[in-house]
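Novice: Next up is a structure, given as structure tokens.
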Amino acid sequence: MDWRSEHIRIELITESRKLSNFCWAFILFLGSLGFLLVGTSSYLGRNLISFFPSEQIIFFPQGIVMSFYGIAGLFISSYFWCTIFWNVGSGYDRFDRKEGIVCIFRWGFPGKNRRIFLRFLIKDIQSIRIEVKEGIYTRRVLYMDIRGQGNIPLTRTDENLTTREIVEKAAELSYFLRVPIDLKQNGKCVL
């Protein structure tokens, strides 16, 4: 959900609280719990999971390996659930032509740097850069080139935008900010 007016443009960023992240965290939790239960049932010699007899799995080495995978999966699953709970990576991009300021806000992991807040003057923006890398892993990223600060990414590297979508987004933003567009394809400047 974005908000736009004549002088202000706000783009909301939702990172970790997406349906796919919830699904992966849930699937990983159930799978790792299953591995841990099978490993534990092979150690105890009892059927903790009724549809899988523990006599078919010997504790050394299969039960140990399954327990290890189960514990590792639970750690990874808890990491996913923590990022969803803390809403890591979400925030907003605020472009204000009236005040001449760009604000970028993101939530990070808990700690002293939980709130990531960047503030720039619009006059310091040199260009809106589109970086396209073709190949096995195609990547299209939109950057804001800030004088003296380098490139600030405005889209995620894993966001699967088509070339048309990213060019339209860059064109809208460059028109709003009144800055040029710079296109780099496979490391070479095209525009």
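Novice: Quickly run through the stretch 58-88 and pick out the residues that are under 13 Å from Leu37 (Cα atoms) and either under 14 Å from the mean Cα position of the chain (by Cα) or surrounded by 15 or more Cβ atoms within 10 Å (Cβ to Cβ) (or both).
Specialist: Once the filter is applied, which keeps residues that are under 13 Å from Leu37 (Cα atoms) and either under 14 Å from the mean Cα position of the chain (by Cα) or surrounded by 15 or more Cβ atoms within 10 Å (Cβ to Cβ) (or both), the stretch 58-88 yields Phe59, Gly63, Met66, Ser67, Tyr69, Gly70, Gly73, Leu74.
Novice: Scan the stretch 10-32 residue by residue and report those that are modelled with pLDDT of 95 or more and either among the β-branched types (Val, Ile, Thr) or in contact with a Leu (Cβ under 8 Å, 6 or more places away or on another chain) (or both).
Specialist: Residues satisfying the conditions are Ile27, Phe29, Ser32.
Novice: From the list Glu55, Glu15, which residue is among the charged types (D, E, K, R) and either in the same structural domain as Ile116 (by TED's automatic domain parsing) or surrounded by 12 or more Cβ atoms within 10 Å (Cβ to Cβ) (or both)?
Specialist: Exactly one of Glu55, Glu15 is among the charged types (D, E, K, R) and either in the same structural domain as Ile116 (by TED's automatic domain parsing) or surrounded by 12 or more Cβ atoms within 10 Å (Cβ to Cβ) (or both), namely Glu15.
Novice: Determine the pairs where a residue that is surrounded by 12 or more Cβ atoms within 10 Å (Cβ to Cβ), located within the stretch 110-122, has a partner that is outside any strand (DSSP E or B) and among the aromatic types (Phe, Trp, Tyr) with Cβ atoms under 9 Å apart, the partner being 6 or more residues away or on another chain.
Specialist: Hits for this filter: Arg114/Trp86.
Novice: Being of a type in the set (Val, Ile, Thr) and modelled with pLDDT of 90 or more, is that true of even one residue in the stretch 89-101?
Specialist: yes
Novice: Please specify each residue of the stretch 89-107 satisfying the condition of being in a loop (DSSP other than H, G, I, E, B) and surrounded by 15 or more Cβ atoms within 10 Å (Cβ to Cβ).
Specialist: Listed by number, the residues that qualify are Gly89, Ser90, Arg97.
Novice: Go over the candidates Leu183, Leu177 one by one and state the one that is under 24 Å from Gly100 (Cα atoms) and either surrounded by 12 or more Cβ atoms within 10 Å (Cβ to Cβ) or modelled with pLDDT of 90 or more (or both).
Specialist: Leu177
Novice: Among the residues that make up the stretch 101-110, is at least one of them farther than 23 Å from Ser16 by Cα and in the same structural domain as Arg178 (by TED's automatic domain parsing)?
Specialist: yes
Novice: Sticking with this one: From the residues in the stretch 127-150 that are closer than 19 Å to Ile101 by Cβ and surrounded by fewer than 16 Cβ atoms within 10 Å (Cβ to Cβ), which one is modelled with the highest pLDDT?
Specialist: That would be Arg147.
Novice: Ok, one more. Given the criterion closer than 19 Å to Asn21 by Cβ, in contact (Cβ under 8 Å) with a residue 60 or more places away in the chain and not in a loop (DSSP other than H, G, I, E, B), identify the matching residue among Ile84, Ile76.
Specialist: Testing whether each residue is closer than 19 Å to Asn21 by Cβ, in contact (Cβ under 8 Å) with a residue 60 or more places away in the chain and not in a loop (DSSP other than H, G, I, E, B) leaves just Ile84.
Novice: In the set Ile116, Ile71, which member is among the aliphatic types (A, V, I, L, M) and over 30 Å from Ile181 (Cβ atoms)?
Specialist: Being among the aliphatic types (A, V, I, L, M) and over 30 Å from Ile181 (Cβ atoms) holds for just one of Ile116, Ile71, which is Ile71.
Okay, residues lined up against (1) in a helix (DSSP H, G or I); (2) of a type in the set (Phe, Trp, Tyr); (3) touching a residue at least 40 places away in the same chain (Cβ under 8 Å):
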position	(1), (2), (3)
Trp3	no, yes, no
Asn21	yes, no, yes
Gly34	yes, no, no
Val38	yes, no, no
Ser50	no, no, no
Glu55	yes, no, no
Phe60	yes, yes, no
Gly63	yes, no, no
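The values are calculated or read from the model by the stated rules, or taken from the named source; none is laboratory data. Here the structure is a predicted model, which means the values were calculated and not measured. Positions of Cβ are backbone-derived with ideal geometry, glycine not excepted, and every protein chain shown enters the neighbour counts.
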